[in-house]
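A short write-up of the structure that comes next.
The values are calculated or read from the model by the stated rules, or taken from the named source; none is laboratory data. For clarity, every value in this text was computed on a predicted model and none was experimentally measured. Cβ placement follows ideal geometry from the backbone for every residue including glycine, while neighbour counts extend to all protein chains displayed.
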Amino acid sequence: MIVDETNIQILKHLKDGRKSFKIIADDLSVTENTIRSRVNKLLNEGILNFSGNVQIDALPGHTLLYLGVKLKSMELQKKAAEFSDLRGVISAAIVTGRYDIILQVLLGQDYNLLEFITEQVAKVGSVQTVESFIVYKGYNLNVPYIL
């Protein structure tokens with residue numbers, strides 16, 4: 001599927017969640033059926049999906065954490081997939097720089113950083129070092145709630 005300028009504009013309209021196809025159509029000067037058809041194609045191609053997001057700052061007792069992980073091996077894709085299955089992990093990204101993988105983790109009221117590292121990260125072999133970054137305040141920081 002070719003992602004043209006119209007598709008990009010549709011994706012920008014939908015970046016914060018569902019929006020009326022009529023509102024998008026009016027803004028882009030196309031028909032509502034055009035928007036509906038394009039959104040369905042984007043969904044079918046796996047380019048777009050809809051999910052519920054939570055504003056972390058509004059969720060009492062929860063903390064967002066970024067964890068930089070340096071591995072002993074170069075099995076980056078395999079390890080990122082393993083990390084993505086751990087409790088609390090929202091995303092696992094293979095990155096450049098001093099870390100191999102950056103994890104985005106949502107900690108709950110009954111689930112803290114020490115437990116995450118000792119109970120979850122320990123399950124994944126070949127971890128050399130980790131460094132945590134606690135988010136004190138986020139701006140436009142919406143993440144899927146998966147705990």
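Condition test on THR31, is it within 17 Å of the chain's Cα centre (by Cα) and either on the phi < 0 side of the Ramachandran plot or outside the structural domain of GLU119 (by TED's automatic domain parsing) (or both)?
Details: within 17 Å of the chain's Cα centre (by Cα): no; either on the phi < 0 side of the Ramachandran plot or outside the structural domain of GLU119 (by TED's automatic domain parsing) (or both): yes.
No, not satisfied.
Looking only at the range 120-139, how many residues end up being over 17 Å from LYS72 (Cβ atoms), modelled with pLDDT under 90 and over 16 Å from the mean Cα position of the chain (by Cα)?
To start, the set of residues in the range 120-139 that are over 17 Å from LYS72 (Cβ atoms) comprises 120, 132-139.
From the residues that got through so far, the ones that are modelled with pLDDT under 90 too are 134-139.
Filter once more, keeping what is over 16 Å from the mean Cα position of the chain (by Cα): 134, 136-137.
Of the residues in the range 120-139, 3 are over 17 Å from LYS72 (Cβ atoms), modelled with pLDDT under 90 and over 16 Å from the mean Cα position of the chain (by Cα).
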Which residues, counting only those in the range 31-45, are more than 14 Å from ASP4 (Cβ to Cβ), surrounded by 12 or more Cβ atoms within 10 Å (Cβ to Cβ) and free of Cβ contacts under 8 Å to residues at least 12 places away in the same chain?
THR31, GLU32, LEU43
Cβ-Cβ below 9 Å, separation at least six or inter-chain, first residue in the range 92-103 and assigned by TED's automatic domain parsing to the domain that holds TYR66 and closer than 15 Å to LYS72 by Cα, second in a loop (DSSP other than H, G, I, E, B) and of a type in the set (D, E, K, R): which pairs?
ILE94/ASP100
